[in-house]
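One structure below.
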Amino acid sequence: MFLTIAAWIASTVVVALHGLRQAEDGLKSMRQLQVLLIASEMATRERGPANGVLGDDVPAAPEKQLRLQTARQMTDAAFDNIQRSAPIEDHDDETQTLRQAAQKAYAHLLRARALVDAQANKPRTEREALWIRHAVNEMIGVIDDLNPAIALLSKNASIRFPQAANALMGARQAAMLRELAGQLGSQLTAALTTRQRLTQDEQFTLEHLCGRIEQLRHQLIQDASDQSMRPATRAATDAMVNQYFNSAMPFVELLIEIGKHSGQYPVNTTEFAARYVPEMNSILALRNVLMGEAMGEARQELRNVHRLLLFAALGCMLVLALTTGLWWQLQAKPTATAC
């Protein structure tokens, strides 16, 4: 009997500890995902001031150079934060994937920056649209290097916290929407710089991006209409629709139409960024709300697991105490009878 009770106690504690480990690993995945999404955001944001310098004279205006320098410093800090969240002594698969993806993406970023600087150092009349597009596409490629780690961390966190899966998926979709919205603006850089009509390839790329953006818009709005979604998520979704889709997108569509026919754009790259980029912040606000919701669910689950482990430990101690008491009584009875 005592062996059976001991085995039950051991199995209860092992199950509780396993649940705690799973919850802690899931929360770690979410924290690493959050750090990774911020680094991706900073790399995306850097394209704005880079595009502004590409569209300016030589040397670029001091305020534009300062904006680019500041953006690069913020991106560097975000990538440093990834390395701190994925220490080299941590050998689990997720951390290894995260560290490798960050290293690959940062090396890619340095190459892309060199291409941007090479074009920006040429007189504007000597900059070729082909090389400007190449520099822009290399900057975009940095995000592609990070996506496998984002997908892995999202998947593992969703498995460990199923109740947070919808919010995590929404946060990823919002992050992707912000990236595609940034790409949409970046793809206009060459045309705005050279004041040329859009090529057939550029038109195809822009139309493809608009299609993907519309798909994500539909999905995020549909998810926000779910009764299980919190009011904060619905409010952030409404703000995104009003600020980005009802304001910024029509402006981009107007420029695309001008690019198809005349190339007589009413703005340069800096003016375009000043008009377009702030409207994209509403997408990031939605991402942050959804990520906060997912983190809240994870922390609540971790608290629940801690309570379960505490109750399991107390229950085991109580059973152990009762069993010990019973054992001493059984041992004492023969002695009492003998007297």
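The values are calculated or read from the model by the stated rules, or taken from the named source; none is laboratory data. This one's a predicted model, so the numbers in the text were calculated from it and none came from an experiment. Here Cβ is always computed from backbone atoms with ideal geometry, including for glycine, and neighbour counts include all displayed protein chains. In case anyone asks, the SASA skips ligands and DNA or RNA and just uses the protein heavy atoms, side chains included. Shrake-Rupley method; radii C 1.70, N 1.55, O 1.52, S 1.80 Å.
Probing with 1.4 Å while keeping every protein chain in the model, the per residue accessible area of the chain equals 50 Å². For K64, the solvent-accessible surface with a 1.4 Å probe is about 30 Å², rounded to the nearest 10. Ordering D144, D117 by accessible surface, largest first, gives D144, D117; the 1.4 Å probe counts only protein heavy atoms, with every chain in place.
Could you compute the FRET efficiency for F251 and R111, with r as their C-beta to C-beta distance and R0 at 25 Å, rounded to 0.05?
The formula returns an efficiency of 0.20 here.
Viscosity 0.890 mPa s, temperature 25 °C: Stokes-Einstein D of the stretch 181-293 from its Kirkwood Cα radius, in µm² per second? Approximately 164 µm²/s, per Stokes-Einstein. Computed over all pairs of different Cα atoms, the Kirkwood value for the hydrodynamic radius of the stretch 105-171 is 14.2 Å. Volume per residue for the chain equals 152 cubic angstrom (convex hull of Cα atoms). Among residues other than K155 with Cβ under 15 Å from its Cβ, the summed charge is -1 (Lys and Arg +1, Asp and Glu -1).
Scanning the chain for DSSP H helices at least 27 Å long along the axis (C-alpha atoms) with a Kyte-Doolittle mean no lower than -1.0 picks out 2-54, 93-120, 129-160, 165-186, 200-224, 269-338. Less than 30 Å apart at the alpha-carbon level, and either on another chain or at least 8 residues along: which lysines does that give for K104? Partners found: K28, K64, K122, K155.
With a 1.4 Å probe and every protein chain left in place, tell me how much accessible area K122 has, in Å² to the nearest 10. Rounded to the nearest 10, that gives 70 Å². In the assembled protein chains, F311 presents an accessible area of approximately 130 Å² (probe radius 1.4 Å).
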